[in-house]
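Just so it is clear, none of the values below were taken in a lab; they were calculated from the coordinates. Because the structure is a prediction, the values reported are computed rather than measured. Cβ placement follows ideal geometry from the backbone for every residue including glycine, while neighbour counts extend to all protein chains displayed.
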Amino acid sequence: MANTKANRIKSRDNILDYILLAVFLLLIVITVYPFVNVLAISFNDPIDTMRNINFIFPRQFTLSNYIYVFKENNLGNAFLLSVLRSVIGAGAGVICTAMLAYVLSRKDFYFNKLFTTLFVITMYVSGGLIPEYLLLMRDLKLGNNFLVYIIPGLIWVYNMILVRSFIEGLPLALQEAARVDGANDFIIWARIVLPLCQPVLATVALFYAVGQWNSFMDTYLYAKELPTLQYVLYEIMEKAQVKIDPHAAEQMKNAVSPLSIRMAVTIVATVPIIIVYPFLQKYFVGGMTVGAVKD
Amino acid sequence: MSAGKAQKEKAIKQKFSMQLMYKQRYLLLMSLPFVIWLIIFKYIPLWGWTMAFQEVKPKNLSKHIWERPFAGLENFTKAFSDRMFNQTLINTIGLSILGIAVGTAMAILFALMLNEIRFVKFKKVTQTISYLPHFVSWVVIASIAKMVLNDGGMLDTLSGTKLGLMSTNSPLFWLTVVLVNTWKEVGWDAIVYLSAMAGIDQGLYEAAKVDGANRLQRIWHITLPGIKPTIVVLLIMGIGGALNVGMERQMLLSNGIVQDHAMVLSWFAYVRGIGNSNYGLGTAIGMFQSLVGIILLFLANKVAGWLGESRLI
């Protein structure tokens, strides 16, 4: 009797497995389909797209959308700016974060407590948009200056704590041995600590690079003359709003369809993320658990 | 005493001396530039809160802080009597509550499902795909969302009706925003709950199995109580951040038609402060938002304490 009951529960549990399988398949479709659809539209003939926008393979393959956006929207420039800020921002961010993290991992450093506290406080309070805006635009005159992309967000305290926890987990004997050999603190950091930190620095570099690549508000607020990919995409979206006005829609029909252009730019802005995604995927879960170690 | 040994002892009292400073000169050189950076970019803006109590407009912006006319609470009363303020506050709160409710429920549900499924490979693939939108920028997400949700967009074509998700000037737009947000973040948000579930004692499940509990009963009586502390902590933090609905997402997803129901406090502060160049007023709105946030955080924390739940602070 008990046996049949157990069997019944078991078979019901197995049914649940297949229900879950079906639900997950549906979720995957919901997540992936819009991306695939965007990709298909971007490679499809714009006139043909207007017929029906639901498809996963280009019906009439064309590169005209991409050629158009690179010619007309100066996308090459924007792409270069996005790459530059991602590379420089990540490079500078990683070096500075690693240096600061090493110093703050040194419990014998006289100002350790004070400096750590100063940094951690800024995770919880901020001056808000307007004081920051006035500081950057009026006092420091960083408007439309490339540095506005790099300097204000140079170090994320969260990343610094991540690296510091990692350094604290390294064996101290190596540092000691170097010290006995007469190395100063800078040499120890550069020659001993930095090479050992490679895995966590890769994580942090990816965080910085993705953050820089996706950043949009700083261009919008401070540097409209240095448009990045995200900003160009935003501008195209704003222009498309005019479509709601019926007269404008008539005029636009003759030009390349705004939707097709937008989808092409959307793809250009997304592809780099998808390329680094496997690396992100590999590192960030480890990174998250390191971050869970509180001080 | 070698530095290595010192590092092991947690709190060491050291006396300030020039000798010590000289000994640690490299450490100082390696950290001071960043402290100066921190003070300039994070602490000086904090001083900007004072603008909330002054009349700060372009004409007196160049004056020193103590030369600007003192406005008392005028900026605050001006903000509260603004014709857009009430609707903005309602939008912010409505969006937050809806976002917390739907977002939390979906993340927990997704984590539960991932935790239950036995096809390991499939589970990994699903999880990997579910994080992807988290790493994509809001501009891209908005561009895709508009393609899908606009009138005559993908969803309209698929369903054969006019859903009007992006063109109805009503609280329906909150739901649109929340749904897009959930689509983007649910996989990422589920990570926390999944790791909480991994920490539950497996012996409990074995014991329940012996007692004849089926899977749903095990979820209800073991998994959910097991992650309750995590849920409470995240809810408290969510309520604390209830007014901090970012302007980026709102700006990108909205359009002229739904503007009235898309406006939130942070965006409002920008519109009044920078758009209309009334810096004092904008700062006051931002300050109101922060202060209410702190109060909400403490209240939620208190309530969690009364209910016998673990507290955050």
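Data for the structure
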{"read-out": "Ranked B:Ile227, B:Ile36, criterion: other C-beta atoms within 10 Å, fewest first", "value": "B:Ile36, B:Ile227"}
{"read-out": "In Hz, Karplus ³J(HN,Hα) per residue of segment B:216-224 (6.51, -1.76, 1.60; θ = phi - 60°; x = Gly, Pro)", "value": "5, 5, 5, 4, 5, 9, 10, 5, 4"}
{"read-out": "Positive-end residue, segment A:73-291 charge dipole about Cα centroid, Cβ charges, pick of A:Ile273, A:Leu140, A:Gly211", "value": "A:Ile273"}
{"read-out": "Test item: B:143-149 mean partner chain Cβ contacts at 10 Å", "value": "6"}
{"read-out": "Hydrodynamic radius (Kirkwood) for segment B:186-310, which is based on Cα pairs only, to one decimal in Å", "value": "17.9"}
{"read-out": "Cut-off under 5 Å, modelled amide H: who pairs with B:Gln54 long-range", "value": "B:Ala71"}
{"read-out": "Signed unit charges on C-beta, dipole axis of chain B, positive-most listed residue B:Asn150, B:His261, B:Pro69", "value": "B:Pro69"}
{"read-out": "Net dipole in debye of chain A [+1 Lys, Arg Cβ; -1 Asp, Glu Cβ; about Cα centre; nearest 20]", "value": "660"}
{"read-out": "Computed helical MRE - 222 nm, chain A, DSSP H runs ≥ 4 contributing -39500 (n - 2.57), nearest 500", "value": "-22000 deg cm²/dmol"}
{"read-out": "Kyte-Doolittle at least 0.0, axis length at least 30 Å by Cα - qualifying DSSP helices, chain A", "value": "A:2-42, A:75-105, A:258-291"}
{"read-out": "Cβ charges +1 (Lys, Arg) and -1 (Asp, Glu), total dipole of chain B, debye", "value": "1180"}
{"read-out": "Prolate/oblate/rounded call for segment B:23-130, Cα gyration tensor, a/c under 1.5 rounded", "value": "oblate"}
{"read-out": "P(r) histogram, all alpha-carbon pairs of chain A included - 10 Å bins from 0, percent", "value": "5, 19, 23, 21, 16, 10, 5, 1, 0"}
{"read-out": "Selection from B:Ile231, B:Ser17, B:Ala196, by position along the positive dipole direction of chain B (Cβ)", "value": "B:Ser17"}
{"read-out": "Shielding by partners - mean other protein chain Cβ count within 10 Å, residues of A:107-117", "value": "6"}
{"read-out": "For segment A:1-140, convex hull of alpha carbons as volume per residue, Å³", "value": "317"}
{"read-out": "For the protein assembly as shown, average projected area of the Cα convex hull in nm²", "value": "34.0"}
{"read-out": "Hz values of 3J(HN,Hα) by residue in segment B:244-249 - Karplus curve (6.51, -1.76, 1.60), Gly and Pro given as x", "value": "8, 6, x, 7, 4, 4"}
{"read-out": "For residues of A:19-31, the mean tally of beta carbons on other chains within 10 Å", "value": "5"}
{"read-out": "Filter on A:Lys282/B:Lys123; A:Lys224/B:Lys184; A:Lys224/B:Lys42 - keep pairs with C-alpha separation over 18 Å", "value": "A:Lys224/B:Lys184; A:Lys224/B:Lys42"}
{"read-out": "Cross-link reach list, aspartates and glutamates versus B:Lys124, counting only Cα pairs under 20 Å and skipping chain neighbours closer than eight places", "value": "A:Asp17, B:Glu116, B:Glu185, B:Asp189"}
{"read-out": "Gyration tensor over alpha-carbon atoms, segment B:78-306, equivalent ellipsoid semi-axes in Å", "value": "37, 24, 14"}
{"read-out": "Sequence of A:Asp139, B:Asp189 once ranked by neighbouring C-beta atoms within 10 Å, starting from the fewest", "value": "A:Asp139, B:Asp189"}
{"read-out": "Neighbour-count ranking [beta-carbon atoms within 10 angstrom, fewest first] of B:His134, B:His221", "value": "B:His221, B:His134"}
{"read-out": "Per-peptide average of other Cβ atoms within 10 Å, ordering B:271-278, A:156-163 highest first", "value": "A:156-163, B:271-278"}
